[in-house]
1. Separation of region 101-142 and region 222-265 by C-alpha centroid, Å?
2. State, as an integer percentage, the relative contact order of the chain based on alpha-carbon contacts under 8 Å between residues 6 or more apart.
3. Considering only DSSP states other than H, G, I, E and B, which trypsin sites (Lys or Arg not before Pro) in region 246-292 qualify as loop sites with at most 16 other Cβ atoms within 10 Å?
4. In whole Å, largest first, what are the principal axis extents of the Cα atoms in region 26-95?
5. Provide, for q = 0.12, 0.18, 0.21 Å⁻¹, the log10 of I(q)/I(0) from a solvent-free Debye sum over equal Cα point scatterers in region 50-193.
6. What order do you get for 253, 214 when you list them from fewest to most C-beta neighbours inside 10 Å?
7. For region 87-210, what's the relative contact order in percent, using C-alpha pairs closer than 8 Å and at least 6 residues apart?
8. Within the chain, what is the longest stretch that has no GluC sites (Glu not before Pro) placed in a DSSP loop and near at most 12 other beta-carbon atoms within 10 Å?
Amino acid sequence: MQFNVGLYSEKINILTDEPLSKHSFLRCGGKAELLAFPKSTEELVLIVKEAKRTHTPITVLGGTTNTLISDKGIEGLVISTKNLKGITVMENLVVAAAGETLDNVIDKAIEHNLEGLEKLGGIPGTVGGAIFGNAGANGISAGDFCFYIDYIDRDGEIQRMMHCSDIFSYRKSPFSKDDIIFNVAFRLTPSLNIKDTKLEKERYQKERIEKGQFRYPSLGCFFKNPDNISAGKLLDELGAKEMSVNGASVSPFNANVLIKKQNAKSQDFYDLSKKLQSLVKEKKGIDLEYEVTLLGDFQ
Ligand SMILES: Cc1cc2nc3c(=O)[nH]c(=O)nc-3n(C[C@H](O)[C@H](O)[C@H](O)COP(=O)(O)OP(=O)(O)OC[C@H]3O[C@@H](n4cnc5c(N)ncnc54)[C@H](O)[C@@H]3O)c2cc1C
């Protein structure tokens, strides 16, 4: 593939035919035709422009904690945001680059006496991924706090979406898979008792560990809750915790979480997810919708 980022070609880290299993949270997935790690907005724009010029399809990865990557790999250019770093605080605005972890943002806010996001403490992954999927926990979601979001649109143009907290919904943002988020400004509130705010964040983080969420590699909840019914409870009642496909199993802690035991492949997770969907459809007449993103070809 002809991919020419001119003067920057020496500086931008772009790998060819790179196994994504080396980079993904689940340690699964085939090769990326091209895998780029831009370190700044300038590098990101340059790479995207070149991809547009050469009609190369683009796929964006954050921390891959909610993404199942096909064993057949991904065609075109894969952009990892993990080197897009930086958090600045201006009064009650915390502005974070897409590749920062959500936990870092919460900690930085607390350092500056700001509160709001602590109930999301311990959700793995990046700011970009949290905004794209409107990650949430304990009654709040990442999108609730957005003041503005900077992104590159499908035409390669930089855009700013302002005052956007109202247009998020349950695990859904206004962004499409053609948009690349690179900066997010969270509007937070001065804390009246920063020690309590810090303790609260740590408690939510600890609860996740105690619940066994990190005992096995997983992608968190695999399915969205249908109409306020807990997908985990529904699956548990139907005996899903006994189910597995090769090394992919339903978690003993939460039937909506699929965990990796032994050397499971992405296809095993996909096959297990299809079995779970069929079970719920057959027994309850409900269609379970994916919360995780499936990237590449599955069948
Ligand atoms: C143990 C565990 C617990 C979890 N608990 C929760 C929870 O309580 N609540 C919850 O909501 N989720 C939870 N998750 C799921 C996941 O951590 C979150 O959804 C997280 O916000 C995903 O971020 P990421 O960077 O890993 O996104 P990725 O998995 O990398 O990407 C997710 C989607 O966002 C897109 N994307 C990523 N970055 C960008 C960007 N910069 N611009 C545009 N699109 C982008 C990707 O293309 C993909 O479609 C959990 C996961 C695990 C493993």
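1. Using only Cα atoms to place each centre, the spacing works out to 25 Å.
2. On the way: 626 pairs, mean separation 50.6, N = 299.
Taking the mean separation of contacting Cα pairs over the length of the chain, I get 17 percent.
3. 261
4. For region 26-95, the Cα extents along the three principal axes come out at 47, 32, 14 Å.
5. Debye output, listed in q order: -0.47, -1.02, -1.34.
6. Numbers: 253 15, 214 11.
Fewest to most other Cβ atoms nearby, the residues stand as 214, 253.
7. Details: 238 pairs, mean separation 40.5, N = 124.
Rounded, it is 33 percent for region 87-210.
8. On the way: sites that count: 91, 157, 289.
With GluC sites (Glu not before Pro) excluded where exposed in loops, the chain gives 158-288 as its longest stretch.
Bear in mind these aren't lab numbers, they're just calculated from the coordinates by the rules spelled out. Just so we're clear, the structure is a prediction, and the values are computed from it rather than from any experiment. Note that we place each Cβ from the backbone using ideal geometry, even for glycine, and neighbour counts take in every protein chain shown.
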